[in-house]
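Input: a single structure, listed below in structure tokens.
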Amino acid sequence: MTETLVLRGGTVVDASGSRVADVVVGDDGRIAAVGEQSEKLSADRELDAGGCIVSPGFIDLHTHLREPGKEEAETIETGARGGALGGFTALVAMPNTTPPMDSVSVVQEVIALGEPALTDIIASAAITIGRAGEELAPMAELAKLGVRIFTDDGTGVQDDLLMKRALEYSVGLSPFTGGASVALAQHCEVTALSEGTYMHEGEWSSRLGIPGQPAESEELMVMRDIALAKSTGARVHFQHLSTAGSVELVRAAKAKGIPVTAEATTHHFTLTDAACASYDTVFKVHPPLRGDADVAAVKAGLADGTIDAIATDHAPHCAHDKERPFDAAPPGMIGLETALALAITELDLPIETLVGLLSWKPAKIAGIDDVHGGPIAVGRPANLTVFDPDEAWTIDSNSFASRSTNCPYEGHEVKGKVRHTVVHGEAVVIDQEAQR
Ligand code: DOR
């Protein structure tokens with residue numbers, strides 16, 4: 001790091017609250033000063049934060065970066081660039097790559113590829129070999145590499161006993177993590193109920209003649225894993241919760257002190273299954289877009305803390321793959337560059353709550369809160385996002401850094417735009433432009 005920075009004239013928001021302050025970043029990549037007497041604080045480079053929120057950087061608990069194996073759709077470099085433009089300073093890379101991240105060598109490869117990226121790349125790893133749900137991955141060796149989130153995402157662990165063993169095993173991993181705990185993150189979907197389904201089961205699936213996935217497909221696995229978290233004492237993180245029933249189950253589990261956390265994606269609080277009426281495969285996603293009551297429940301869960309984090313489930317797919325018929329097209333939507341704006345536009349939340357959902361709460365779940373998620377205080381690593389909550393813009397996926405354009409919000413008018421992103425003291429995005 002060669003230059004010092006001052007973020008001038010913004011409102012600083014972290015877990016301790018809000019205040020108007022300038023933030024100086026030292027040439028060691030750490031916060032050097034936070035102060036209200038702007039004229040006294042100077043640096044090599046000044047970045048205007050007027051009218052903006054200066055927050056700890058955002059953490060995405062759920063990013064598909066497609067590397068290794070599907071670089072045509074995304075690479076770690078392009079995904080991280082999109083992430084930085086979206087205000088993220090760290091992305092948790094999902095393990096459904098080709099080959100999957102179920103071994104030391106593949107996880108090491110992802111970590112190495114992530115080194116020069118614009119954001120931190122936090123490797124997750126599979127719970128089971130090949131994400132096949134039959135045999136546990138070498139979790140201790142993977143934990144030694146720094147893995148703190150294990151998941152078979154893209155699919156859930158179907159075998160009850162294997163999931164119980166994985167949770168029991170996860171509790172004993174602290175000798176390999178320097179005492180830190182790990183979380184098992186679950187894509188809740190009972191395949192016996194979801195096989196051969198392509199959207200949510202409800203009025204729209206009947207009308208459209210598309211086989212529907214019932215809410216119970218998700219809820220039965222949420223229920224099982226709450227029971228297993230209770231009996232094992234292991235941490236379970238629920239990925240992309242999509243139904244009102246799931247939100248209620250997690251709310252009740254938390255009230256009983258069971259160690260569960262949960263995330264919701266931007267699409268599950270902004271879109272419903274009615275969007276599938278176009279038969280446009282951009283709206284095909286797992287878990288599927290649900291009904292109005294589910295969207296309302298997800299929003300309520302975000303507001304009352306039942307759901308801990310907003311995640312993107314950024315799932316880039318090539319146009320030629322998404323152009324297949326609805327049943328054959330791959331599920332997934334991109335989300336890194338729209339997450340903040342959708343959260344601001346669609347959720348009526350105080351700014352501190354919203355930033356918590358994007359930043360310090362997911363940082364804690366990912367086990368990276370020593371480096372990401374604030375507080376914005378002298379000596380802390382300078383991973384920061386500066387965003388204008390009021391800037392209006394129109395979503396145009398062709399302008400995004402992502403290699404894929406499977407964005408379901410094309411042409412939507414939103415507000416809230418990232419202005420600058422600072423990662424380990426380096427201004428990687430300045431005035432909405434990536435710097436390298
Ligand atoms: O829609 C989805 N796409 N859901 C998943 O769980 C996996 C993801 C992908 O990898 O494309």
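Taken over region 349-431, the ratio of Cα radius of gyration to 2.2 N^0.38 Å equals 1.25. Distance between the 7 Å Cα→Cβ label points at residue 296 and residue 16: 4.0 nm.
FRET efficiency for the residue 44 to residue 370 pair, using the beta carbon distance and R₀ = 22 Å, is estimated at 0.25. Secondary structure note: in region 314-436, about 95% of the DSSP beta bridges are antiparallel. Backbone amide hydrogens, once placed in the peptide plane, bring residue 261 within less than 5 Å of 236, 237, 238, excluding anything fewer than 5 places away on its chain.
Within the shell defined by Cβ-Cβ distances under 11 Å, the residues around residue 216 carry a net charge of -4, with Lys and Arg each +1 and Asp and Glu each -1. Between the alpha-carbon centers of region 161-213 and region 105-119, tell me the distance in whole angstrom. Each part reduced to its Cα centre gives a spacing of 26 Å. Using a Gaussian network model of the chain in which every pair of alpha carbons under 10 angstrom is joined by a spring, one finds that among 184, 161, 302 the greatest mean-square fluctuation is at 161.
3J(HN,Hα) along region 391-408, derived from phi through the Karplus expression 6.51 cos²θ - 1.76 cosθ + 1.60 where θ = phi - 60°, amounts to 5, 8, 7, 10, 6, 9, 5, 5, 8, 7, 7, 4, 6, 10, 10, 7, 10, x Hz, with x in place of Gly and Pro. Net charge dipole, the chain: roughly 880 debye, given to the nearest 20, about the Cα centre with Cβ charges of +1 for Lys and Arg and -1 for Asp and Glu.
Based on C-alpha pairs under 8 angstrom that are at least 6 apart in sequence, the chain has a relative contact order of 20 percent.
Couplings for region 367-372, taken from phi via the Karplus curve 6.51 cos²θ - 1.76 cosθ + 1.60 with θ = phi - 60°, read x, 10, 6, 6, 10, 10 Hz in order; Gly and Pro are left as x. Kirkwood's formula applied to the C-alpha pairs of the chain gives a hydrodynamic radius of 21.6 angstrom. Projecting the Cα atoms of 262, 244, 227 onto the charge dipole of region 221-265 (Cβ charges, centred on the Cα centre) puts 227 farthest toward the positive pole. Write down the percent of antiparallel bridges among all DSSP beta bridges whose residues are both part of the chain, to the nearest 5. The antiparallel fraction comes to roughly 50 percent. Springs between Cα atoms under 10 Å define the GNM used for the chain, and in it the highest mean-square fluctuation of 21, 126, 84 occurs at 21.
Spacing of the modelled spin labels on residue 377 and residue 320, each 7 Å from Cα toward Cβ, amounts to 5.4 nm. Would you list which lysines come within 23 Å of residue 70, measuring only between C-alpha atoms, while excluding same-chain residues fewer than 8 positions from it? Within the straight-line cut-off, residue 70 pairs with 284, 322. Note on residue 171 and residue 207: their simple-model spin labels are 4.8 nm apart, each label 7 Å out from Cα toward Cβ. Here the Kirkwood formula puts the hydrodynamic radius of region 1-66 at 12.8 Å, using every distinct Cα pair.
The GNM of the chain, with springs linking C-alpha atoms under 10 angstrom apart, assigns the highest mean-square fluctuation among 224, 290, 30 to 224.
In this Cβ point-charge picture (+1 for Lys and Arg, -1 for Asp and Glu), region 16-91 has a dipole of about 240 debye about its Cα centre. Quick check: from the Cα gyration tensor, does region 295-436 come out rounded (a/c under 1.5), prolate or oblate? Prolate, since a/c reaches 1.5 and a/b exceeds b/c.
Panel values: region 107-220, Kirkwood radius from alpha carbon pairs, Stokes-Einstein at 37 °C and 0.692 mPa s, translational diffusion coefficient 207 µm²/s.
Note that region 199-209 has calculated 3J(HN,Hα) couplings of 8, 5, 7, x, 4, 5, 5, 5, 4, 7, x Hz, one per residue in order, obtained from phi through the Karplus relation 6.51 cos²θ - 1.76 cosθ + 1.60 (θ = phi - 60°); glycine and proline are x.
Taking every DSSP beta bridge that has both ends in region 70-184, the antiparallel portion is near 10%. Placing unit charges on each Cβ (+1 for Lys and Arg, -1 for Asp and Glu) gives region 345-436 a dipole about its Cα centre, and among 376, 405, 386 the Cα reaching farthest toward its positive end belongs to 376.
Only Lys, Arg, Asp and Glu carry charge here, each on its Cβ (+1 for the first two, -1 for the last two); on that basis region 124-248 has a dipole of about 520 debye about its Cα centre. Note on region 1-116: dipole from Cβ charges, positive end direction compared against 91, 62, 20; the farthest Cα belongs to 20.
Are any of the pairs 230/361; 230/417; 164/364; 256/415 more than 31 Å apart by Cα-Cα distance, and if so, which? Too far apart for the 31 Å limit: 230/417; 256/415.
None of the figures in this text is laboratory data; all of them are computed from the coordinates on show. In this text, all values refer to a predicted model and were calculated from it rather than measured experimentally. So basically every Cβ, Gly included, is an ideal-geometry build from the backbone, and we count neighbours across all protein chains shown.
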